[in-house]
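Participant: The following block contains the structure, expressed as structure tokens.
Read-outs throughout are calculated quantities, based only on the coordinates presented, and are distinct from any laboratory measurement. Everything numeric here is computed off the predicted structure, so don't read it as measured data. In this analysis, Cβ positions are derived from the backbone assuming ideal geometry, glycine residues included, and neighbour counts consider all displayed protein chains.
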Amino acid sequence: MKQNEGMTLIVKTVTRVSVWLIFLYGIYIILHGHLTPGGGFAGGVVLALGFLNIMLAYGRKYVEGWLNIKLMKDIESSMATLFLALGILGMSFGGGLLANFLSKGELFRLLSSGTIPILNILIGTKVSMALFVVIYSLAVLHIVKGGEK
Amino acid sequence: MTVYLLCFALLLVGVYGVLTKRDLIKIILSLGIMGYATNLMIILFAYKNGAIYAILTKANSLNGKPTGPMVDPLPQALILTSIVIELGITAMLVAMSIRLYEKYKTFDITKIRRLSG
């Protein structure tokens, strides 16, 4: 078998199965941020490590074809704007920056605690994209061989 | 008191690494150790004997009120921010090290001495 970029076939097959479980776990942590330990940042790091897992197993070239890095960068930047927009919405409806203006719901339910789950989702997306883009750009930094003495 | 002194000892480990190591990567790792020591100390300030973690669950609450004492959640939120900033600093330092390696072909700081050119 032709050995192209990335690790061996065993690693690739295991990654193909396990990476979806990693993504599921990250999404679970983000969505339950207002009920259990964790939240946007922790879940976002888990998602970013899932992307990193793909990059380590399949190589950089495959990731470039599979993921749109530019789009990820744009999503990452727009999340900060959406966070600010939600904060200003809180200012106009709730009475202060990032104040709650939705129904608080019932305690210990998934759809409760007003705007906090939305903020968690925004933060989780932002952290996952940002961390992966940072790791990716460190990995593709081109080191010039044989520079000046 | 002992735990705080141990935290300080951990900080000194990081300072020792920054001051004596020549490898840039080892210096970055030492800076990480210093950050962890600070985080650990601030988390330990919030510790309260016999208290539970500051998250309301069905097991430790009654009608939306906690049944026992809880630890202070403010330092924990603070440390989460601190970890994020530390991550950014580490990424920046690594990128700068890569640039230095590109120019000087070494991570040894005693060989990186030319300032310009």
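Participant: Would you mind working out the magnitude of the charge dipole of chain B relative to its Cα centre, with +1 at each Lys and Arg C-beta and -1 at each Asp and Glu C-beta, to the nearest 20 Debye? Mind dumping the intermediate values first?
Facilitator: Working: 12 positive and 5 negative charges, 84 e Å.
Using Cβ point charges on Lys, Arg, Asp and Glu, chain B gives about 400 debye.
Participant: Which of the listed residues, B:Thr57, B:Val71, B:Leu93, is farthest toward the dipole's positive end in region B:1-116, when Lys, Arg count +1 and Asp, Glu count -1 at the beta-carbon?
Facilitator: B:Leu93
Participant: Here's another thing I want to ask about it. Beyond a 26 Å Cα-Cα separation, which of these cross-linked pairs lie in this structure: A:Lys12/A:Lys61; B:Lys26/B:Lys103; A:Lys126/B:Lys103; A:Lys73/B:Lys111?
Facilitator: Result: A:Lys126/B:Lys103; A:Lys73/B:Lys111 exceed 26 Å.
Participant: So, one more: Scan around B:Ile52 for amide H atoms under 5 Å from its own, H built in the peptide plane at 1.01 Å from N, and keep only partners 5 or more places away or cross-chain.
Facilitator: B:Met70, B:Val71
Participant: To make sure I understand, if each residue's beta carbon is the centre and we count other beta carbons within 10 Å, what order do A:Tyr58, B:Tyr101 fall in, fewest to most?
Facilitator: Going from least to most buried by this count: B:Tyr101, A:Tyr58.
Participant: How tilted is helix B:24-45 with respect to the longest principal axis of chain B? Cα atoms for both, answer in degrees (0 to 90, nearest 10).
Facilitator: Roughly 20 degrees between the two axes.
Participant: Turning to a different aspect of this structure: In the protein assembly as shown, if the dipole is taken from +1 on Lys/Arg beta carbons and -1 on Asp/Glu beta carbons about the Cα centre, which of B:Ile25, B:Ile83, A:Leu86 is farthest to the positive end?
Facilitator: Result: B:Ile25, furthest along the dipole toward the positive end.
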